[in-house]
Amino acid sequence: MKREAYDPHAIEEKWRDFWREKGYFRVKTASPRKKFYYLNMFPYPSGYLHVGHGRNYIIGDAIVRFLIMRGHDVLNPMGWDAFGLPAENAAIERGTHPREWTLANIAYAKDQFRAWGIEYDWGREVTTCLPGYYRWTQWLFLKLYENGLAYKKRADVNYCPSCQTVLANEQVAGGECDRCGTPPERKTLDQWFFRITAYAERLLADLADLDWPEHVKKMQENWIGRSEGATITFRCDRDASLPVFTTRPDTLWGATFLVLAPEHPLVDVLTVPERKADVEGYRRQASRASEIERLSAEREKTGVFLGSRAQNPVTGEPIPIWTSDYVTPTYGTGAIMGVPAHDERDFAFARRFGLPIRVVIAPPEEPLPDPRTMAAAYTGSGTMVSSGLLSGTPGSHAIERTIGYLAEQGIGERKVVYRLRDWLISRQRYWGAPIPIVYCDRCGVVPVPEADLPVLLPDVPFVGKMGLADVPGYADTTCPQCGGSAKRDTDTMDTFVDSSWYFLRFVSPHEETVPFVSEDVNCWLPVDLYVGGVEHAILHLLYARFITKALHDLGHVAPAEPFRRLFAQGMVCHTAYKCQEHGWLYPKEVNDGLRCGTCGQEVATSYFSMSKSKKNVVEPAEIIARYGADTERLYTLFMGPPDRDIEWSEDGIRGVWRFLNRVWNLVSGEIPRSALAQGEPDPLQFGSAERALWQKLHATVEKVTEELGDRLGLNTAIAAIMELVNELGVYVNRPETDPRLVRRVVRDAILLLSPFTPFLAEELWQRMGEKRPILDTPWPEYDPGAVVGDEVEIPVQINGKVRTRLRVAAQAAADPRALQKAALASPEVQERLRGHEVQRVIAVPGKLVSIVVR
RNA sequence: GCCGAGGUGGCGAAACUGGCAGACGCAGGGGACUUAAAAUCCCCAGAGCGAACGCUCGUGCGGGUUCAAAUCCCGCCCUCGGCACCA
């Protein structure tokens, strides 16, 4: 009989709309009993999604299909992070409007999801650039403003000259704009900030209870950067007093100078007239220096003496006050005490300018190091010396005792400082949510009343790099308080504000009077599993946590954390080619995989995560055309653990294609036979082959259930299914088979496969004669007793080496004494033991026997 | 410099709690089918020695604990990621 070949295209087209029409992915109840909020980080709609993007959503779709079959009420929404610079840049390039470009991309991406067989509760779709969404982003701004968590201040900020906008601290990576790589300039501007620093301690402390990857937690920890120490106040000339922050108050006796950041407000006060010219010159120079130059630790220290002095509060000694750009204006108090003997940077500064170096911490019973030749001694475990009353205090108590002493004397106090800065959210660009603030000459800063939201983004032709300040008439308005003429704020909000609360909107996306219904949020949140790229470890995930905490404090949501479990999936990498002369090349522009098609030069080959700029993306449409969506899905999940980066390979995908063909042929071949089978298999009638297959079935169900439900080792889940299919393939070729067993194994194998390859599974399921679609069918159960089987293989080690294996009844294997007896009685073991004295026997139930002999 | 993740066959990887290292797959070799090729099916496959039953070595390197170590401890090396003149 000629068998129908596996034809993914016909099958996939047949089922594509079926799941949506049946509504399997819609939330069916207002009061879920077994709720599961599954969330993928929503995409930025920038052109098409490539197979690397696909990985994120394929992982999610597999998990969600599994959860549905397990009877969970799953909230599984999708939306679009649709404001921001990339859309503007693309619109400029194409001479279109960011909105047109964005909406077209969204439509295309939705088709891609459909082609992949990835389904969502599309009735909850959220698009951040539409007024129905961003009015509530504006509402969020107003709530923060009302409660002192949004404020405007004149500050030195990072300004990207290429993007023509300011950037948040988090968006300057390694001294470069993280969008375009241009080093930002420092500008002093009036800008809006969110007071995330008020949450520094809680953002840090609450990490402990989150089920997140350790490295992501550490990244946030580093970013928040908590330091414990003390502020110490120095009395200075001209009646000034100057607080400094230090983590090493115990070294105060060794402080021989003070340094202020050039931007410090007291620099003017403390500069004597005859030093004024020098100091002014230095400050100008420092303000011009780029962030990169200033941050470079290798650069030689620079600075100037202000001319005035302070008094060391414990030694009474007058010490000089300097300014230097190695002191950061926004950290601590923007001023430090210089302790050259015990701080590397202060040491370098002291050497450069000939300032005294005084050792005040030393190892007990050893001569003090020579201050002229030492490099700063970092002796946290030394003993305090030359420190007045506290001399002799051991290092272990030095900081504590010094802080106590300083507090007593009224000189200083304990202090915790954070590296985290407030979040700068103003952007001087068009494509964002307008800041809902009005400036009135009479009333000052006036928030737009909630009832007047949204402040609409003006619908004007997009003419390239522009902000709302460039839109004629936009700023002109009337004051909501006095009705007089007033001006609107012409900045828009950082797109990370849009994405800092979207997971709340998904719960009640259509509400027109509130951003979300609190009871519903409290019912669905926190997100049970949040899956996305690790590139958001700091920015998005920190902002979203902050906003959730703020809304919690303001009484809008009950949970204080948005994402209970986070899973950071790895990137998909692919070969990229670069010609010295012609830059990045598409694979088809490279001859024989090594020469540039244009100039013939040898090209550099390397692996990078897929990106359009490196011309190494693989389009799902190509893969689906060749193999179908199921093959792409299965390959994406099979090629490695989901949290690790993987290399896309054309060869690898063929292996998966072969496997699906085997499944198709095997199942199709068994359909006529198994159709005759009535009822469930009866283990009492099994022979040994049946028992082995039965055990394999149960072990596989257990394994796949565990991986999909908890461990997320989807690659090994698939490997387990392959093993089961392989064993089934061997079994069905036996002369005698149990049709009821075959039917059961085929049935369960299809169900196990269905989260990974939903099209093929649904089709085979129907051909098996099953009437209920898969998503209405419960996930297969396994019997823990059957997983063990009735006979196990037990390796026997002699002096640590495996010498033989025994087949032992499961019952005997579970009992250490019986197991030991069986091992010692075995002829192979007896043979090995001849002439040796048995010293010890260790029998591990169900695992192995280890015999030690002499 | 500080913090984190990782290093296992030719390749992607597996080994979950210290218990048979290399499951599953790719690439490779051999065979069957075929006029031939593709596809498919069967067999082999960590390295070394051996005709063979087998034996020895083997999870980045060096030590250690243990009957037993990829897994635990100590000391290093390398790769990737985060932070970094943050006092």
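The values are calculated or read from the model by the stated rules, or taken from the named source; none is laboratory data. Keep in mind the model is a prediction, meaning the values are calculated, not measured. Note: ideal-geometry Cβ built from the backbone for every residue, glycine included; neighbour counts use all protein chains shown. Please note that ligands, DNA and RNA were not included when accessible areas were found on the heavy atoms of the full protein model with its side chains. Shrake-Rupley method; radii C 1.70, N 1.55, O 1.52, S 1.80 Å.
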Original post:
So which helices of chain A fit the span-like rule, where a helix is a whole DSSP H run, its Cα atoms reach 30 Å or more along the axis, and its mean Kyte-Doolittle is at least -1.0?
Top reply: A:650-675
**OP:** Determine, for each peptide in A:140-151, A:560-571, A:104-115, the mean count of other beta carbons within 10 angstrom over its residues, then list the peptides with the highest first.
**Re:** A:560-571, A:140-151, A:104-115
Subject >> Average accessible area per residue (Å²) across chain A - probe 1.4 Å, nucleic acids and ligands excluded >> reply: 44 Å²
**OP:** Using label points projected 7 Å from each Cα along Cα→Cβ, tell me how many nm separate A:Asp643 and A:Asp206, to one decimal.
**Re:** 2.2 nm
**OP:** Pop the C-beta distance of A:Ile92 and A:Thr330 into the FRET formula with R0 = 41 Å and round what comes out to the nearest 0.05.
**Re:** 0.75
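Ignoring ligands, DNA and RNA, what percent of the 1.4 Å accessible area of the stretch A:695-764 is carbon and sulfur?
43 percent
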Original post:
Given 0.36 nm per residue, what is the gain on full extension from A:Gln830 to A:Glu781 after removing their alpha carbon distance, in nm?
Top reply: 13.3 nm
Original post:
What does the accessible area of A:Leu389 come to, in Å² to the nearest 10, when a probe of 1.4 Å is used?
Top reply: 150 Å²
**OP:** Using per-residue counts of other Cβ atoms within 10 Å, averaged over each peptide, order A:175-186, A:707-718, A:341-352, A:59-70 from highest down.
**Re:** A:59-70, A:341-352, A:707-718, A:175-186
Original post:
Along the Cα-to-Cβ line of A:Asp156, 7 Å from the Cα, sits a label point; which residues in the stretch A:269-287 have backbone N less than 13 Å from it?
Top reply: A:282-287
Original post:
Hey, if we sort A:Leu684, A:Leu390 by accessible area with the 1.4 Å probe, largest down, what's the order?
Top reply: A:Leu684, A:Leu390
Original post:
When the chain is fully extended, how far beyond the present Cα-Cα distance does A:Arg840 get from A:Glu317, taking 0.36 nm per residue of separation?
Top reply: 180.9 nm
Original post:
Sorting A:Ile399, A:Ile437 by accessible area (1.4 Å probe), largest first, what list results?
Top reply: A:Ile399, A:Ile437
**OP:** Using a Förster distance of 41 angstrom, determine the FRET efficiency expected from the C-beta separation of A:Glu581 and A:Val172, and round it to 0.05.
**Re:** 0.80
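Could you look at the stretch A:506-654 and say what percent of its accessible area is carbon and sulfur, using a 1.4 Å probe and all protein chains?
Answer for the stretch A:506-654 is 48 percent, counting heavy atoms of protein chains only.
Pull up the DSSP beta bridges for chain A and report the antiparallel fraction as a percent, rounded to 5.
80 percent
Would you calculate, for chain A, the mean residue ellipticity at 222 nm contributed by helices, counting each DSSP H stretch of 4 or more residues as -39,500 (n - 2.57) and dividing by all residues, to the nearest 500?
On the way: 28 runs with 304 residues, N = 854.
Result for chain A: -10500 deg cm²/dmol, rounded to the nearest 500.
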**OP:** With the full set of protein chains in place, find how many percent of the accessible area of the stretch A:123-282 is carbon and sulfur; take the probe as 1.4 Å.
**Re:** 46 percent
Original post:
For A:Glu13 and A:Lys612, what does the FRET efficiency come to when R0 = 35 Å and r is the distance between their Cβ atoms, rounded to the nearest 0.05?
Top reply: 0.80
**OP:** Work out, step by step, the length gained on full extension between A:Cys443 and A:Gln685: first 0.36 nm times the residue separation, then minus their alpha carbon distance; give nm to one decimal.
**Re:** 78.2 nm
Subject >> Long pairs among A:Lys588/A:Lys614; A:Lys217/A:Lys549; A:Lys696/A:Lys771; A:Lys187/A:Lys549, criterion Cα-Cα beyond 20 Å >> reply: A:Lys696/A:Lys771; A:Lys187/A:Lys549
